[in-house]
1. Only one of SER86, SER111, SER152, SER81 is surrounded by fewer than 19 Cβ atoms within 10 Å (Cβ to Cβ) and either outside any strand (DSSP E or B) or free of Cβ contacts under 8 Å to residues at least 12 places away in the same chain (or both). Can you tell me which?
2. May I ask you to say which residue of SER432, SER388 is open to solvent by less than 20 Å² (accessible area, probe 1.4 Å) and more than 30 Å from the chain's Cα centre (by Cα)?
3. The conditions are (1) closer than 30 Å to LYS344 by Cβ; (2) in contact with a His (Cβ under 8 Å, 6 or more places away or on another chain), and ALA389 fails exactly one of them. Which is it?
4. If we keep just the residues of the range 397-429 that are over 30 Å from ARG347 (Cβ atoms) and among the aliphatic types (A, V, I, L, M), which is least open to solvent (accessible area, probe 1.4 Å)?
5. Within the range 132-143, is even one residue acidic (Asp, Glu), in contact with a Ser or Thr (Cβ under 8 Å, 6 or more places away or on another chain) and open to solvent by less than 50 Å² (accessible area, probe 1.4 Å)?
6. Restricting attention to the range 194-239, and to residues there that are among the hydroxyl-bearing types (Ser, Thr, Tyr) and either within 24 Å of the chain's Cα centre (by Cα) or open to solvent by less than 50 Å² (accessible area, probe 1.4 Å) (or both), which single residue is nearest to ILE255 (Cα to Cα)?
7. Taking PHE105 as the residue in question, decide whether it is farther than 17 Å from LYS168 by Cβ, assigned to a strand (DSSP E or B), open to solvent by 20 Å² or more (accessible area, probe 1.4 Å) and aromatic (Phe, Trp, Tyr).
8. Of these, ILE364, ILE382, ILE337, which one is of a type in the set (A, V, I, L, M), closer than 30 Å to ALA273 by Cα and in contact (Cβ under 8 Å) with a residue 60 or more places away in the chain?
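The values are calculated or read from the model by the stated rules, or taken from the named source; none is laboratory data. Keep in mind that what you see is a predicted model, and the values were worked out from it rather than measured. Cβ placement follows ideal geometry from the backbone for every residue including glycine, while neighbour counts extend to all protein chains displayed. Calculation scope for accessible area: heavy atoms of the full protein, side chains included, ligands and nucleic acids excluded. Shrake-Rupley method; radii C 1.70, N 1.55, O 1.52, S 1.80 Å.
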Amino acid sequence: MSISAAFFAQAQDISVIRNTVDVYSASPSTGSARFNAMAGSNGALGGDSNSLLTNPAGLGVAISGEISGTLSVTGNKNTSSYAGASRAYTVNKGDLGNIGAMMTFQLMTESAWKFINIGVNYSNQSIENYVETPGNNNLIYDFPGTGGTSSSSAFGKHAYDRYGYLSKTSFGVGANYNNSLYLGAGLNFLNASIDQSDTAIFNDVNSGNSESFSKQNTPFSERGNGFSATIGVIGKLNQNFRIGASLETPTFWNIDRTYAFYNDVYNGDDYGAESRKLTSPLKATVSAAFIANKSFSMNVDYTLGLTKADYKVYGPAEADLNDFFKENSKNLSEVKIGAEYRIKQFRLRGGYSYVSSPFDALNIDRYDNNGDMGAQTYSNLILGNRNSASLGIGYDFGSFYIDATYQNVTSKYSNPFLRGLVNADFEDGYYSRDRLIASEAYAVSDVKNIRNNFFLTFGWKF
């Protein structure tokens, strides 16, 4: 399916699409070191406050109180390859990744209800991401001049640069019925901070002087807050098998954004502000767990998005965004598998997760390495499949415990940039102080993203 020119003119920047999917439609994935070591797979196991990230019924599984804190060190490396050259850039961040606490209340009655437990969890992750693409001397833009003169510049480089964080604070309650059925519910409060730019450098063919251009309506800053709710259930089939299910409502986002605009008929170059409302996808998760004995357990989660991202329509921009997601995006799909093996006080853990590409194959006009324009179909445009593998170790001192985890996340995708139309209805090109670049096609690089993350958790059980 072809992408309409009108859509990208009104969408302002490819970053809007990417951020809608991998920031506003995603939940923070940073839990405790144990949670991360098992790839976030705990939907039918439960037992701690990280159940609020998957299935709040897991709170009801716990039989003791607990508090923990997790330090995270994340490394995000992007290698962008284009026209036979590559640029690699790594962002390293250290932060407080997760805090969790839970209190258990044993019901000293003859009722089949055994425990009522309360949990709170705070998860935080950096969404900083920098993708720099090398230039191509065959891709030349001719600037019109005055008095019959003109000049030409060759593409020097391009960069998408994003700073910010995504956090989720959850409060929940879980109940244990006869040690065989567990019910739970949670409220989630999300916050996002994004500072985004989209810039290109062109070098004058004769002088070699460089000139910087910014995409229309960039750089921009967004501050968002959202709310969702989750309900869940876990049932014991027998002493060795459990199944679970949870449903998370859409996150209802309020987003305030400020942005730079250029060459406006009335205001020239200036700054603007607006607010948007976004409803993220409704998500359902089904889970299964196998507990062989006190030494070994494993869990499988499958999450499916039941709806698609949807903006409240204030004008053509939101309408075109909604049309794009309805016609070209896939429903969220993620599989997570995790296991834990205990040897006396030692804990060994491992996990794997797979997230499918969020978009259908898309056909766009693009420049090839020779600078010629033509159509091409991409199966992983903007974002691609994501694979995550993790290993962890822990030691239980009795009341205190310490866990450590290494996580590797990889993905590959085709990275479009440089397209920007300028006509009588709108201006959506790349702008410098004095000139603009208008392009009917994209340049497209191949990006490989590798994230190497480390987590360290200290906890106390009471």
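1. On the way: SER86 fails: either outside any strand (DSSP E or B) or free of Cβ contacts under 8 Å to residues at least 12 places away in the same chain (or both); SER152 fails: either outside any strand (DSSP E or B) or free of Cβ contacts under 8 Å to residues at least 12 places away in the same chain (or both); SER81 fails: either outside any strand (DSSP E or B) or free of Cβ contacts under 8 Å to residues at least 12 places away in the same chain (or both).
Just a single option satisfies the conditions, and that option is SER111.
2. On the way: SER388 fails: more than 30 Å from the chain's Cα centre (by Cα).
Sole residue among the options that is open to solvent by less than 20 Å² (accessible area, probe 1.4 Å) and more than 30 Å from the chain's Cα centre (by Cα): SER432.
3. Exception for ALA389: condition (2).
4. To start, the set of residues in the range 397-429 that are over 30 Å from ARG347 (Cβ atoms) comprises 412-429.
In the following step, the residues that additionally are among the aliphatic types (A, V, I, L, M) were identified as 418, 421-422, 424.
Numbers: LEU418: 9, LEU421: 30, VAL422: 55, ALA424: 106 Å².
Per the criteria, the residue is LEU418.
5. Restricting attention to the range 132-143, the residues satisfying the condition of being acidic (Asp, Glu) are 132, 142.
Still in the running and in contact with a Ser or Thr (Cβ under 8 Å, 6 or more places away or on another chain): 132, 142.
In the following step, the residues that additionally are open to solvent by less than 50 Å² (accessible area, probe 1.4 Å) were identified as 132.
Looking through the range 132-143, at least one residue is acidic (Asp, Glu), in contact with a Ser or Thr (Cβ under 8 Å, 6 or more places away or on another chain) and open to solvent by less than 50 Å² (accessible area, probe 1.4 Å).
6. Restricting attention to the range 194-239, the residues satisfying the condition of being among the hydroxyl-bearing types (Ser, Thr, Tyr) are 197, 199, 207, 210, 212, 214, 218, 221, 228, 230.
Narrowing further to those that are either within 24 Å of the chain's Cα centre (by Cα) or open to solvent by less than 50 Å² (accessible area, probe 1.4 Å) (or both): 197, 199, 214, 218, 221, 228, 230.
Working: SER197: 17, THR199: 23, SER214: 22, THR218: 16, SER221: 10, SER228: 15, THR230: 22 Å.
Of everything passing the filter in the range 194-239, SER221 is nearest to ILE255 (Cα to Cα).
7. Details: farther than 17 Å from LYS168 by Cβ: yes; assigned to a strand (DSSP E or B): yes; open to solvent by 20 Å² or more (accessible area, probe 1.4 Å): yes; aromatic (Phe, Trp, Tyr): yes.
Considered against the rule, which asks whether it is farther than 17 Å from LYS168 by Cβ, assigned to a strand (DSSP E or B), open to solvent by 20 Å² or more (accessible area, probe 1.4 Å) and aromatic (Phe, Trp, Tyr), PHE105 comes out as yes.
8. Numbers: ILE364 fails: closer than 30 Å to ALA273 by Cα; ILE337 fails: closer than 30 Å to ALA273 by Cα.
None of the other options fit; the residue is ILE382.
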